[in-house]
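Reading through the structure tokens given below for one structure.
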Amino acid sequence: MKTKRKILLVLAVLTLYVLGVGAQGKVHSQSEQYEWPTDPLVVERLHQWQDMKFGVLIHWGLYAVPGIVESWSICVEDWITRDTTMTYQQYKDWYWGFSEQFDPTKFNPTQWAEAAEDAGMKYVIFTTKHHDGFCMYDSQETDFTIARHAFAAHPQRDVLKYVFDAFRAKGFMAGAYFSKPDWHSQYYWWDVFPTKGRNVNYPINKYPWRWQQFKDFTYRQIDEVLSRYGKVDILWLDGGWVCPENHQDINMERIARMARQRQPGLIMVDRTIHGPYENYQTPERTIPDTQLDYPWESCIPLSDDWGYVKKPRWKTPEQVINTLVEIVAKGGNLVLGVGPTPEGLFQPEVTQRLKDIGQWMRDNGKAIYQTVTTPHYHDGDVWFTASKDGKKLYAIYMHEAGRPWPAQVSWRGNLPHDKNAVRLVKNGRKVKCQIQGDVVSVTLPAGLPQQSVAFEITRSY
């Protein structure tokens with residue numbers, strides 16, 4: 001009987017992987033409007049964050065143990081498929097049970113921080129709690145935390161502390177991802193009622209005292225994250241369906257007041273909820289069609305999934321670089337999703353890709369970091385950024401793997417001062433340039449790596 005049960009559980013994992021449960025799901029887009037914060041400390045921090053351009057978003061939790069999509073398999077929605085040999089309750093019990101197996105004895109946040117630094121990343125957002133409610137820090141509000149189960153005896157059981165310490169030691173901004181919904185909490189998914197998709201499963205108007213318990217629980221957990229782990233620069237709140245418009249008001253005004261008392265200047269990202277607590281927007285797995293003149297960040301995973309899965313389909317370094325170039329030219333940041341293994345490490349495939357990306361950033365980063373947009377930001381395969389003082393333009397030729405390497409790169413507009421005013425960002429070397437009307441043609445020097453390349457242009461006024 002035990003053998004049969006094990007076989008069924010293995011089949012469940014395989015089914016979830018093969019069908020890609022939740023790999024896309026219902027992704028977040030940005031709000032239709034933006035409201036600038038009025039707190040000068042927040043505005044200042046936002047400008048610092050905008051200069052950084054490139055960060056890492058780390059999803060790590062129970063879902064890493066079986067190597068399946070984060071949290072979503074325990075939710076009941078039309079797009080989710082799970083093994084039919086188990087009842088829904090059996091499946092949830094199976095999933096919750098990974099708390100007794102999640103024992104990442106090779107947990108090495110320094111390795112993560114070094115890999116991110118190698119990539120040229122400048123800020124980190126770490127998942128303190130996903131929708132499944134399992135806390136990746138030592139919460140005093142619940143026993144459902146990594147610090148109270150299989151990893152409890154480990155000296156680094158309060159994982160969040162060591163992640164933030166490792167990244168801050170590298171000069172990173174520290175951000176905390178926090179899920180507003182909590183599917184493990186009896187204050188949100190109350191066992192008295194069946195679940196109803198991703199939302200609270202009981203009528204709030206009938207049980208307001210119960211919802212108040214959830215509001216207080218959420219407030220206290222966010223307070224824990226912001227009061228016990230040093231300086232936090234970003235509070236990244238996921239689960240946009242928990243909002244007043246969906247009749248799930250958690251009193252964000254109260255949370256924000258506490259949050260900024262704990263962390264003055266804190267950037268708050270209440271995803272997809274237009275208003276004073278969505279300090280930057282977060283289009284997911286996509287890039288806006290045009291430039292946006294307010295703070296935004298595309299969140300895109302390095303594989304097809306946010307967390308660790310057993311057979312990932314990786315993006316190439318070239319794909320990530322080109323995505324970053326387009327995003328920065330349109331005025332945004334890129335946060336790249338990476339999921340550590342159940343043992344607590346970045347995989348070799350991850351570290352090598354990050355290293356390759358980092359080499360390009362070391363050569364060409366002047367055209368990325370601390371740049372601003374320029375009105376004419378795109379022409380064919382070339383994307384443009386500008387220095388803050390307006391004296392320099394940067395033209396980045398976006399090369400795609402498999403395409404022939406051109407002898408010349410051309411673009412219209414954004415003319416240099418003269419034909420001697422174009423240089424490689426990589427080494428400052430002048431390149432051969434021709435200007436005919438509003439068309440600039442640059443000869444690519446021999447020996448360049450056949451990948452995207454950035455040029456510095458002294459402007460023509």
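Kindly provide the set of residues from the stretch 185-222 that are of a type in the set (Phe, Trp, Tyr) and either in contact (Cβ under 8 Å) with a residue 24 or more places away in the chain or not in a helix (DSSP H, G or I) (or both), ordered by number.
The initial filter retains those residues of the stretch 185-222 that are of a type in the set (Phe, Trp, Tyr), namely 187-190, 193, 202, 207, 209, 211, 214, 217, 219.
Residues satisfying the conditions are Tyr187, Tyr188, Trp189, Trp190, Phe193, Tyr202, Tyr207, Trp211, Phe214, Phe217, Tyr219.
Just checking, does the stretch 134-141 include any residue being in contact with a strand residue (DSSP E or B) (Cβ under 6 Å, 6 or more places away or on another chain), touching a residue at least 40 places away in the same chain (Cβ under 8 Å), of a type outside the set (Ser, Thr, Tyr) and open to solvent by less than 20 Å² (accessible area, probe 1.4 Å)?
So far as the stretch 134-141 goes, yes, one or more of its residues are in contact with a strand residue (DSSP E or B) (Cβ under 6 Å, 6 or more places away or on another chain), touching a residue at least 40 places away in the same chain (Cβ under 8 Å), of a type outside the set (Ser, Thr, Tyr) and open to solvent by less than 20 Å² (accessible area, probe 1.4 Å).
Identify the single condition in (1) outside any strand (DSSP E or B); (2) under 17 Å from the mean Cα position of the chain (by Cα); (3) closer than 21 Å to Glu400 by Cβ that Gly365 does not satisfy, given that it satisfies every other one.
It is condition (2) that Gly365 fails.
Right, Gln450: more than 30 Å from Ala116 (Cα to Cα) and either touching a Lys or Arg at 6+ places or on another chain (Cβ under 9 Å) or at pLDDT below 95 (or both) or not?
Criteria not met by Gln450.
For the stretch 69-94, which positions are in contact (Cβ under 8 Å) with a residue 40 or more places away in the chain, surrounded by 15 or more Cβ atoms within 10 Å (Cβ to Cβ) and farther than 22 Å from Leu160 by Cα?
Listed by number, the residues that qualify are Trp72, Ser73, Ile74, Cys75, Ile80, Arg82, Asp83, Thr85, Met86, Tyr91, Trp94.
So, in the stretch 415-439, of the ones that are assigned to a loop (DSSP other than H, G, I, E, B), basic (Lys, Arg) and surrounded by fewer than 16 Cβ atoms within 10 Å (Cβ to Cβ), which residue ends up modelled with the lowest pLDDT?
The initial filter retains those residues of the stretch 415-439 that are assigned to a loop (DSSP other than H, G, I, E, B), namely 415, 417-421, 425-429, 431-432, 437-438.
Among the residues that remain, those that are also basic (Lys, Arg) are: 419, 426, 429, 432.
The next check asks that each one be surrounded by fewer than 16 Cβ atoms within 10 Å (Cβ to Cβ); those that pass are 419, 429, 432.
Numbers: Lys419: 87, Arg429: 94, Lys432: 95.
Step by step, filter the stretch 415-439, then rank; the result is Lys419.
Given the criteria within 21 Å of the chain's Cα centre (by Cα), of a type in the set (Val, Ile, Thr), at pLDDT 95 or above and crowded, with 18+ Cβ neighbours inside 10 Å, does Val21 qualify?
Values: within 21 Å of the chain's Cα centre (by Cα): yes; of a type in the set (Val, Ile, Thr): yes; at pLDDT 95 or above: no; crowded, with 18+ Cβ neighbours inside 10 Å: yes.
No: the conditions fail for Val21.
What do you reckon, is Glu114 assigned to a helix (DSSP H, G or I), open to solvent by 10 Å² or more (accessible area, probe 1.4 Å) and not aromatic (Phe, Trp, Tyr)? Full working, then the answer.
Numbers: assigned to a helix (DSSP H, G or I): yes; open to solvent by 10 Å² or more (accessible area, probe 1.4 Å): yes; not aromatic (Phe, Trp, Tyr): yes.
Against the criterion (assigned to a helix (DSSP H, G or I), open to solvent by 10 Å² or more (accessible area, probe 1.4 Å) and not aromatic (Phe, Trp, Tyr)), Glu114 qualifies.
Residue by residue, here is whether (1) out of contact with any Leu (no Cβ under 7 Å at 6 or more places or on another chain); (2) under 22 Å from Asp132 (Cα atoms) holds:
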{"position": "Thr286", "(1), (2)": "yes, no"}
{"position": "Ser303", "(1), (2)": "yes, yes"}
{"position": "Glu318", "(1), (2)": "yes, no"}
{"position": "Asn322", "(1), (2)": "yes, no"}
{"position": "Val335", "(1), (2)": "no, no"}
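Residue check: is Ile396 of a type in the set (Val, Ile, Thr), touching a helix residue (DSSP H, G or I) at 6+ places or on another chain (Cβ under 8 Å), within 25 Å of Tyr294 (Cα to Cα) and at pLDDT 95 or above?
Numbers: of a type in the set (Val, Ile, Thr): yes; touching a helix residue (DSSP H, G or I) at 6+ places or on another chain (Cβ under 8 Å): yes; within 25 Å of Tyr294 (Cα to Cα): yes; at pLDDT 95 or above: yes.
Answer is yes for this residue.
Would you confirm whether or not the stretch 209-219 contains a residue that is surrounded by fewer than 17 Cβ atoms within 10 Å (Cβ to Cβ), acidic (Asp, Glu) and either in contact with a strand residue (DSSP E or B) (Cβ under 6 Å, 6 or more places away or on another chain) or closer than 23 Å to Glu77 by Cβ (or both)?
So far as the stretch 209-219 goes, no, none of its residues is surrounded by fewer than 17 Cβ atoms within 10 Å (Cβ to Cβ), acidic (Asp, Glu) and either in contact with a strand residue (DSSP E or B) (Cβ under 6 Å, 6 or more places away or on another chain) or closer than 23 Å to Glu77 by Cβ (or both).
Any residue in the stretch 34-54 that's within 20 Å of Ile327 (Cα to Cα) and part of a helix (DSSP H, G or I): show its pairings with residues that are charged (D, E, K, R) and open to solvent by 30 Å² or more (accessible area, probe 1.4 Å) at Cβ separation under 8 Å, as long as the two are six or more apart or on different chains.
What qualifies is Met52/Lys122.
Go through Thr272, Thr286, Thr290, Thr323 for me and flag whichever is hydroxyl-bearing (Ser, Thr, Tyr), open to solvent by 10 Å² or more (accessible area, probe 1.4 Å) and more than 17 Å from the chain's Cα centre (by Cα). Write out each step before concluding.
Working: Thr272 fails: more than 17 Å from the chain's Cα centre (by Cα); Thr286 fails: more than 17 Å from the chain's Cα centre (by Cα); Thr323 fails: more than 17 Å from the chain's Cα centre (by Cα).
Only one candidate qualifies: Thr290.
Can you name every residue in the stretch 397-414 that is assigned to a loop (DSSP other than H, G, I, E, B) and buried (at least 19 other Cβ atoms within 10 Å of the Cβ)? First the steps, then the outcome.
Step one: list which residues in the stretch 397-414 are assigned to a loop (DSSP other than H, G, I, E, B), which gives 398-407, 413-414.
Matches in the stretch 397-414: Met398, His399, Asn414.
Looking for whichever is in contact with a Pro (Cβ under 7 Å, 6 or more places away or on another chain), in contact (Cβ under 8 Å) with a residue 12 or more places away in the chain and either surrounded by fewer than 21 Cβ atoms within 10 Å (Cβ to Cβ) or of a type outside the set (D, E, K, R) (or both) here; the options are Val159, Val225, Val163. Which one fits?
Working: Val159 fails: in contact with a Pro (Cβ under 7 Å, 6 or more places away or on another chain); Val225 fails: in contact with a Pro (Cβ under 7 Å, 6 or more places away or on another chain).
Just a single option satisfies the conditions, and that option is Val163.
Looking at (1) within 26 Å of Val453 (Cβ to Cβ); (2) in contact (Cβ under 8 Å) with a residue 24 or more places away in the chain, find the lone condition where Asn279 falls short.
Against the list (1) within 26 Å of Val453 (Cβ to Cβ); (2) in contact (Cβ under 8 Å) with a residue 24 or more places away in the chain, Asn279 comes up short only on (1).
Do we have any residue at all in the stretch 445-458 that's in a strand (DSSP E or B), open to solvent by 80 Å² or more (accessible area, probe 1.4 Å) and either closer than 24 Å to Thr373 by Cβ or out of contact with any Leu (no Cβ under 8 Å at 6 or more places or on another chain) (or both)? If you could, list the steps in order and put the result at the bottom.
Step one: filter the stretch 445-458 for residues in a strand (DSSP E or B), giving 453-458.
Still in the list and also open to solvent by 80 Å² or more (accessible area, probe 1.4 Å): none.
Looking through the stretch 445-458, none of the residues is in a strand (DSSP E or B), open to solvent by 80 Å² or more (accessible area, probe 1.4 Å) and either closer than 24 Å to Thr373 by Cβ or out of contact with any Leu (no Cβ under 8 Å at 6 or more places or on another chain) (or both).
The values are calculated or read from the model by the stated rules, or taken from the named source; none is laboratory data. Computed from a predicted model, the values in this text were never measured in an experiment. In this analysis, Cβ positions are derived from the backbone assuming ideal geometry, glycine residues included, and neighbour counts consider all displayed protein chains. The area values use the complete protein model at the heavy-atom level, side chains included, leaving out ligands, DNA and RNA. Shrake-Rupley method; radii C 1.70, N 1.55, O 1.52, S 1.80 Å.
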